[in-house]
1. With a cut-off of at least 3 residues that are open to solvent by 40 Å² or more (accessible area, probe 1.4 Å), within 16 Å of the ligand (Cβ to nearest atom) and touching a residue at least 40 places away in the same chain (Cβ under 8 Å), name the helices (runs of 4 or more DSSP H) lying wholly within the range 17-90.
2. For the range 188-212, give me each residue that is in contact with a Leu (Cβ under 6 Å, 6 or more places away or on another chain) and closer than 16 Å to Gly142 by Cβ.
3. I need every pair where a residue in the range 149-178 that is of a type in the set (Asp, Glu) has its Cβ under 7 Å from the Cβ of a residue that is in a loop (DSSP other than H, G, I, E, B), sequence separation at least 6 or different chains.
4. Quick one: is Ala182 more than 17 Å from the chain's Cα centre (by Cα) and in a loop (DSSP other than H, G, I, E, B)?
Amino acid sequence: MRGRFVTFEGGEGAGKSTQIARAAEWLRARGVEVVLTREPGGTPRAERLRTILLERGAEPMPQSCELLLMFAARATHLENLVRPAIARGAWVLCDRFTDATYAYQGGGRGLPSEQIDALAGIVHADLWPDLTLLIDLPVDAGLARASSRNGAHGPDRFESEQQAFFERVRATYLERAQAEPARFRVIDGSRSIDAVTGAIEAALAPLLEASR
Ligand code: TMP
């Protein structure tokens, strides 16, 4: 089995967590070793950086600090978890990756995409996903779902952003999908959970065939 790198992207409340777990189950049932992970995070050090990135503290977070910490977390995650797993023939399913940096730090915050290009070049010039599943949903619908689930802990630093921020995030994701149609599949996230799962399995099936 050839190792593969598949990423799941989308705005808040798109249903990524449910769908990535179902995709892992589907692949495991077909004999694939699956490593389920997320960004920022996925290894102990990267998870500590995730806490720093998401917490709402008194000290303002400069945009450059946010951008660099995202890539710092990514560097340790790729080196210590993702690359070794792919090398041994596993499939890595990752909840968000560098497309999220273009969408959130680029589209959302307004950082120039050249800065992101440069950091991606340092951290993973040789490694891009084989397949990126973008679960797309209108911003209103996603935010309504997300706020109903984060009642207990309150919104994190990203979830506290305004609607216009998430509209820019969504637009940037869709632009990237259009620019790289061979890597991206845009999945309509407004359908039922089972319909979304079906669309994702249909996207995974040919890659699985090609990996045997
Ligand atoms: P989530 O995994 O629960 O969606 O939370 C992660 C948050 O981090 C989410 O709001 C998007 C944000 N994020 C970025 O801003 N840039 C990135 O590169 C990544 C991976 C995530």
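The values are calculated or read from the model by the stated rules, or taken from the named source; none is laboratory data. Remember, predicted model here, so these are calculated numbers, not experimental data. Note that each Cβ is placed from the backbone with ideal geometry, even for glycine, and that neighbours are counted across all protein chains shown. Note: areas computed on protein heavy atoms with side chains; ligands, DNA, RNA excluded. Shrake-Rupley method; radii C 1.70, N 1.55, O 1.52, S 1.80 Å.
1. Answer list for the range 17-90: 63-77.
2. The answer is Gly189, Ser190.
3. Sorted first by the residue in the range 149-178, then by its partner, the pairs are Asp156/Arg56; Glu159/Glu12; Glu159/Asn150.
4. yes
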